[in-house]
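**Q** This is the structure I have questions about; it appears just below.
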Amino acid sequence: MSLDLSLTGRSVLLTGIAHDAGATIHALLRDGAHVTVTAPADPADLPTSVRDLAERGLIELRAEPEPTAYDVVIRAARATVPAEGSGAGEVILVGGGPSDAGLITIQGLEALQRADVVVHDRLAPLAALAHAPEGAEIIDVGKIPRGEFTPQERINAILVEQAQRGRTVVRLKGGDNFVFGRGGEEAQACRTAGIPVTVVPGITSSVAAPALAGIPVTHRDLVQGFSVVSGHVPPGDPRSTLDWGALARSGTTLVILMGVATLPAVATELIAQGLAADTPAAVVADAGMASMRTVRAPLDAIAETAAREGIGAPAVVVIGAVAALDVLA
Amino acid sequence: MKSALPLVLDLTGRLVVAVGGGPVSARRVRAFVDEGAAVRVISPWVCEDLRDLVLEGAVEWQARDYVDATDLDGAWLVHTAVGESGVDRQVARDAESLRVWCVDATDAATTAASVPARADVTIPDGRVTISTYAAGDPGLATSLRDGVADAATRGDLDLRRTRHRTTSGWVALVGGGPGVDGLLTARGHQLLRSADVVVVDRLAPRAIVDRLPASVRVIDVGKTPGHHAVPQWRINEILVEEASRGLGVVRLKGGDPYVLGRGGEERLACEAAGLSVEVVPGVTSAVSVPAAAGIPVTHRGVARGFTVVTGHEAIPGLPTGSDHTLVLLMGVSQLSETMTTLVAQGRSADCPVAVVERGFAPTQRTTVGTVSTIGALARERGVESPAVIVVGDVVRLGPEWSEAVAGGVS
């Protein structure tokens, strides 16, 4: 989508949800517009990526907005359905990197440009969806933390079904498909069904989110390694299999994905396991977006600081000496 | 219009008279205001957008019909979009008699001046304006404009300045990814096409550098194991020197600048010299090279986390379970010693290990074994750097493991 006008500071209403609503909204937010979306009668009709933006306070949802109250009104076009392909389809797992349209790879862009179907979730760089052909079908299988979700098996099935119809299917994810992206499972499901599958690696948020906040995960004389774990299960939970003690003593930079909700428990556990309470820590939220925010505090205060500053998911937690860098920026 | 000479006008402080109060007028008036023009609108009524501009005090509004040439007094440029052909033609004629250029937005065939389709694109050296004109066909002009804007955004064009900068140069630390052109980011590509100087080492994606115009200066600070390389302090100095001369400098690195890439030091050195630095993350080899060998560094039920360390320094104490993936970069020469350390730390001797050499190259090769066998296997097969070593149960997910098990190697 191209915007001819500067919409900075203007109010924009989106009525109806087109297949590329996510891309439109991201372009508007990047331009500094105040975005309102007309809420559909049935909330289930709202793509989860759009609902997620609303829950994060980045856009407003309104049941019956008055169009004349807005500077600009964008009416959605009806979604189109691509033609059935002939011959064998394929699946391309594309790591989209953080939500910055410039940080998708050239190969990823090229895959999007020839996609018949794009299957994405809420953390994918939605602005990149604009590169999909006009007639491509866009399927949002987004998951919301602790909310309703599309089971992974269903996503695998969608990829296989779409490819079996002869289509080129791009599975677009935020970050890298193989860093807590369940790309391995998707690739296996496709191979089992005899569908050719290609993997286009992406920029993992575990490295890029800190980098965009000015924090290198390794830095000469400070630290020569980093560990990446998922924080969605807190320490002490029967489902937790992470060796927090070893991580606390490893001396590597710790990067925790999906760890905002469990940050209080994780920080307490790391300190109990011997990591110094004054170890620098940072939380980077909305990395790569116009709304990106970073908070920093010593480990024993980071959870409270992040909560006070209203930092929510998606966010990346960094713990280690490097989290104090970027003093010059 | 028989002739179509494009011009760039500096409207700062100059009077533009716009006749008509509708949306077309509003759009153009907004553009004139953005260019710093003094704008007078003549129309008995104005649409909402124009009214906003009037309320902001950005334009002067005379709420009446157009009368005659005296309404155009002092104008450098006239714009008419009334929508009543009699009035628009009269404005155009009056402007003609005063020898003032007039855009008649209602008649592409006869207008003396036209506003082209336009896009402002931000490239590494700042804002550039792209405008296109297609003999009065606005749709085609828009399509051409979008094509050029896209190409500029993606770095498909040479984006270097050909005149000296009036401001100082810049430095960008660009992660080049694992060595394949296509795994460079769109932003990285755009920066490369804007750079006067590109500083590379041996792990940077070279094919893309080789295709740059010959006039781009490429400085190789490459480090080949066992050979002399430019020391880090000197690399920092080169970046600062070149940018201080007013040049755009890309430091292109393999993988990601911040994953054992010393990007932090380079950035601090440039910032200390007062230079602005952009850091563009890259696809790190630590994750992508195992992926190229079919090995995901995390996998549900198999690995809950991973650690990346350099293999040529002391291995820190890490989770020892084979469900915690360990990725070693630069670790080929000390492979056996590292495996001994891992066992001493408590990792099982049966834990699977893969060594992936020359990731993504046509000669990519994966050697699999276990913590206890990989050292000997690697020696037998003559494994050499660059290679990425993966330790953990995820190695079982790659095709080489199944083949090795089938062949009874491990």
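**Q** Could you go through the stretch A:210-226 in sequence order and give the Karplus-derived ³J(HN,Hα) for each residue, using 6.51 cos²θ - 1.76 cosθ + 1.60 with θ = phi - 60°, rounded to whole Hz, and x for Gly and Pro?
**A** x, 4, 5, 8, x, 10, x, 6, 10, 7, 3, 6, 9, 7, 10, x, 8
**Q** While we're looking at this one, here's another question. Mean residue ellipticity at 222 nm from the helices of chain A, using -39,500 (n - 2.57) per DSSP H segment of n ≥ 4 over the full residue count, to the nearest 500 deg cm²/dmol?
**A** -7000 deg cm²/dmol
**Q** At 7 Å along Cα-to-Cβ for each site, give me the label-to-label distance between A:Ala261 and B:Trp76 in nm.
**A** Reported label-point gap for A:Ala261 and B:Trp76 is 6.0 nm.
**Q** Give the residue from A:Leu58, B:Val250, B:Leu11 lying farthest towards the positive end of the charge dipole for the protein assembly as shown; charges sit on Cβ (+1 for Lys and Arg, -1 for Asp and Glu) and the dipole is referred to the Cα centre.
**A** B:Val250
**Q** Taking θ = phi - 60°, what integer Hz values does the Karplus form 6.51 cos²θ - 1.76 cosθ + 1.60 yield along the stretch B:213-220, in sequence order, with x for Gly and Pro?
**A** Result, ordered by residue: x, 4, 7, 6, 7, 9, 10, 9 Hz.
**Q** Something else now. Picking from B:Ser194, B:Asn236, B:Ala112, whose Cα lies most toward the positive end of the charge dipole for chain B (charges on Cβ: Lys, Arg +1; Asp, Glu -1)?
**A** B:Asn236
**Q** At 20 °C and a viscosity of 1.002 mPa s, what translational diffusion coefficient does Stokes-Einstein give for the protein assembly as shown, taking Rh as the Kirkwood radius over Cα pairs? Give it in µm²/s as a whole number.
**A** Translational D for this selection: 76 µm²/s.
**Q** Which value results when the Cα radius of gyration for the stretch B:164-295 is divided by 2.2 N^0.38 Å?
**A** Ratio of Rg to 2.2 N^0.38 Å for the stretch B:164-295: 1.01.
**Q** Express in % the proportion of alpha carbon pairs of the stretch A:90-203 at distances exceeding 21 Å.
**A** Roughly 27 percent, once rounded to a whole number.
**Q** What's the exposure ranking of A:Leu53, B:Leu239, B:Leu7, going from fewest to most Cβ atoms within 10 Å?
**A** B:Leu7, A:Leu53, B:Leu239
**Q** Could you tell me which of rounded, prolate or oblate describes chain A, using a ≥ b ≥ c as the square roots of the eigenvalues of the alpha-carbon gyration tensor, with rounded for a/c under 1.5 and, failing that, prolate when a/b is larger than b/c and oblate otherwise?
**A** Verdict is oblate for chain A.
**Q** Tell me, how many Å apart are the Cα centres for the stretch B:275-352 and for the stretch A:33-72?
**A** 44
**Q** Could you give the nm distance between label points at B:Thr122 and B:Ala214, where each point is 7 Å from its Cα heading toward the beta carbon?
**A** 3.7
**Q** For the stretch A:90-203, what proportion of DSSP beta bridges, expressed in % and rounded to the nearest 5, is antiparallel?
**A** 5
**Q** Can you compute the charge dipole magnitude of the protein assembly as shown about its Cα centre, using +1 on each Lys and Arg Cβ and -1 on each Asp and Glu Cβ, nothing else charged? Give it in debye, rounded to the nearest 20.
**A** With Lys and Arg at +1 and Asp and Glu at -1, about 1440 debye.
**Q** Charges on Cβ only, +1 for Lys and Arg, -1 for Asp and Glu, centred on the Cα centroid of the protein assembly as shown; of A:Thr192, A:Ile74, A:Ala303, which one is farthest towards the dipole's positive end?
**A** It is A:Thr192.
**Q** What FRET efficiency, computed as 1/(1 + (r/R0)^6) with R0 = 60 Å and r the Cβ-Cβ distance, is obtained for A:Asp42 and A:Asp221, rounded to the nearest 0.05?
**A** Once the sixth-power term is evaluated, E becomes 0.55.
**Q** Can you put A:Glu64, B:Glu56, A:Glu269 in order of Cβ neighbours within 10 angstrom, beginning with the fewest?
**A** Fewest-to-most Cβ neighbours within 10 Å comes out as A:Glu64, B:Glu56, A:Glu269.
**Q** GNM, chain B, Cα, under 10 Å: largest mean-square fluctuation among B:Arg154, B:Arg251, B:Arg300?
**A** In this elastic network of chain B, the residue with the biggest mean-square fluctuation among B:Arg154, B:Arg251, B:Arg300 is B:Arg300.
**Q** I'd like the GluC sites (Glu not before Pro) in the stretch B:246-322 restricted to DSSP loop residues with at most 14 other Cβ atoms within 10 Å, sorted by number.
**A** Counting only loop positions with at most 14 other Cβ atoms within 10 Å, the GluC sites (Glu not before Pro) in the stretch B:246-322 are B:Glu313.
**Q** For the pair A:Arg154 and B:Leu157, what calculated FRET efficiency results from E = 1/(1 + (r/R0)^6), where r is the Cβ-Cβ distance and R0 = 45 Å, to the nearest 0.05?
**A** My answer for the efficiency is 0.60.
**Q** Which far-off residues, 5 or more places away or on another chain, put their amide H under 5 Å from the one on B:His79, with H placed in the peptide plane?
**A** Here the answer is B:Val17, B:Ala18, B:Val19, B:Val103, since their amide H atoms fall under 5 Å of that of B:His79.
**Q** Hey, rough spin-label estimate for A:Asp278 and A:Ala321, points 7 angstrom out along Cα→Cβ, what's it come to in nanometres?
**A** Rounded to a tenth, the inter-label distance reads 1.5 nm.
**Q** What's the center-to-center distance, using Cα atoms, between the stretch A:245-277 and the stretch B:61-90 in Å?
**A** After rounding, the separation between the Cα centres reads 71 Å.
**Q** Could I ask something else about it? Would you mind telling me which residue in A:Thr24, A:Thr218, A:Thr168 has the biggest mean-square fluctuation in a Gaussian network model of chain A, where springs connect alpha carbons within a distance under 10 angstrom?
**A** Among A:Thr24, A:Thr218, A:Thr168, the largest GNM mean-square fluctuation belongs to A:Thr218.
**Q** Now a separate question. Ordered by residue, what ³J(HN,Hα) values in Hz, to whole numbers, does the stretch B:289-297 give under the Karplus form 6.51 cos²θ - 1.76 cosθ + 1.60, where θ = phi - 60° and Gly and Pro are x?
**A** Running phi through 6.51 cos²θ - 1.76 cosθ + 1.60 with θ = phi - 60° gives 5, x, 4, 5, 9, x, 10, x, 6 Hz.
**Q** In nm, what is the difference between 0.36 nm times the number of residues separating B:Glu96 and B:Glu60 and their Cα-Cα distance?
**A** Computed gain between B:Glu96 and B:Glu60 is 10.6 nm.
**Q** Let me ask another. Considering only A:Arg249, A:Arg308, A:Arg62, give the residue with the highest GNM mean-square fluctuation for chain A, with springs between Cα atoms whenever their separation is below 10 Å.
**A** A:Arg308
**Q** Where both partners of a DSSP beta bridge lie in the protein assembly as shown, what percent of those bridges are antiparallel, to the nearest 5?
**A** DSSP beta bridges in the protein assembly as shown are roughly 40 percent antiparallel.
**Q** On to the next question. Would you calculate a helix-derived [θ] at 222 nm for chain B, using -39,500 (n - 2.57) for each DSSP H run of n ≥ 4 and dividing by the full residue count, to the nearest 500?
**A** -8500 deg cm²/dmol
**Q** Still on this structure, I have one more. Taking the number of other C-beta atoms within 10 Å as the exposure measure, put A:Ile203, A:Ile195, A:Ile92 in order starting with the fewest.
**A** A:Ile195, A:Ile92, A:Ile203
Since every read-out is calculated from the coordinates, none of them should be taken as a lab result. Everything numeric in this text was worked out from a predicted model, so none of it was measured. When we count neighbours, we look across all protein chains shown, and the Cβ atoms used for this are built from the backbone with ideal geometry, even at glycine.
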